[in-house]
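*Asks:* This structure is in structure tokens; I'll ask about it shortly.
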């Protein structure tokens, strides 16, 4: 404790935070990134490039999320006008770094990431979602999931064919699965960051303006926000695909009480028990998984 009578007291922490982030099995590097910096927190989910897919350069998803996180740490502050403007500035910074190192920049093959951000300013929580990351908002008795569903609406017939292939025992090693997945990746790339398609952080700062954003009051009163969580889709699949948790409220409770790492461990157990996707058809058998759980009210 400072003995200086003029010293300002340290501000209380904006929340109690816990986080976990691990790569998918068989991988040594993580293309997710979870970070808590001051009164802001974010989860970035880098978009992997399948081996047959051309890439514009050697700067991949891992590089992108690391550089975007560093840029966000600089642009996200109490004086930032709003989260989408801060994200746009961060994307611009990373795009400049990418362009300086890459001789050609076809946007369809540049590295990219889904984004979930929250920032606390006093008794208000600002949030932003871009791509298939998610934010859970806990109001005491109810939990709301904010997720950008536009990516999942691309090529619904192909997604149905993949689910049917897996549910009927085709498995992930079958050439038919690889063919269908390549078609899906091509369909997604064709409409990435376009009107009528879906939006994700990459080289175009204009994508930030397509984010889902909002602000909510924090407090103990009924209807005010009390807890929150940020998820990559490797964790949200525990509700949407694996049915490990019955509701978003069940998942938020587990993240707050057992902790993100325990939830990720539980997801891995379910995935290992269904290695071919027959019981729980999903586009990939496993994924990088990241979550941040936040208690906003003491």
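Laboratory data are not the source of any read-out in this text; all were calculated from the coordinates shown. In this text the structure is predicted, and so the values were computed from the model without any measurement. Cβ placement follows ideal geometry from the backbone for every residue including glycine, while neighbour counts extend to all protein chains displayed.
*Asks:* Got the relative contact order for region 167-298 handy, in percent, Cα pairs under 8 Å and 6 or more residues apart?
*Replies:* About 33 percent, as a whole number.
*Asks:* Using a Gaussian network for the chain with springs between C-alpha atoms less than 10 Å apart, which of these wobbles most: 268, 119, 278?
*Replies:* 278
*Asks:* Of all alpha-carbon pairs in region 83-167, indicate the percentage at a distance above 19 angstrom.
*Replies:* In whole percent, the long-distance tail amounts to 61.
*Asks:* Residue 153 to residue 276: extension gain in nm, 0.36 nm per residue of separation minus the Cα-Cα distance?
*Replies:* Gain on extension, residue 153 to residue 276, equals 41.9 nm.
*Asks:* Please tell me the relative contact order of region 16-293 in percent, rounded to the nearest whole number, where contacts are Cα pairs under 8 Å and at least six residues apart.
*Replies:* RCO, region 16-293: 26 percent.
*Asks:* Springs between alpha-carbon pairs under 10 angstrom, Gaussian network model over the chain: which of 164, 77, 30 fluctuates most?
*Replies:* Comparing 164, 77, 30 in the GNM, the peak value goes to 164.
*Asks:* For the chain, with a Gaussian network of springs between Cα atoms less than 10 Å apart, report the residue from 247, 227, 58 with the top mean-square fluctuation.
*Replies:* Maximum among the listed residues: 58.
*Asks:* What does the extension gain come out to for residue 250 and residue 265, with contour length at 0.36 nm per residue minus their alpha carbon separation?
*Replies:* So the chain would gain 3.8 nm between residue 250 and residue 265.
*Asks:* Another question, then. Once you compute Rg and the Kirkwood Rh from C-alpha atoms, what is the Rg to Rh ratio for region 110-153?
*Replies:* Over the Cα atoms of region 110-153, Rg/Rh equals 1.05.
*Asks:* At a 10 Å Cβ-Cβ cut-off, how would you order 166, 231, fewest neighbours first?
*Replies:* Listing 166, 231 from fewest to most nearby Cβ atoms yields 166, 231.
*Asks:* Which FRET efficiency, nearest 0.05, do residue 179 and residue 121 yield, Cβ-Cβ r, R0 41 Å?
*Replies:* So the FRET efficiency works out to roughly 0.25.
*Asks:* Also, quick follow-up: Can you tell me the Rg and Dmax of region 225-273, counting just the alpha carbons, in angstroms?
*Replies:* Final numbers for Rg and Dmax: 10.2, 36 Å.
*Asks:* Sticking with the crude label model, points 7 Å out along Cα→Cβ, report the distance from residue 168 to residue 295 in nm, one decimal please.
*Replies:* 5.0 nm
*Asks:* With all pairs of different alpha carbon atoms counted, what Kirkwood hydrodynamic radius in Å does the chain show?
*Replies:* Evaluated over the chain, this radius sits at 20.0 Å.
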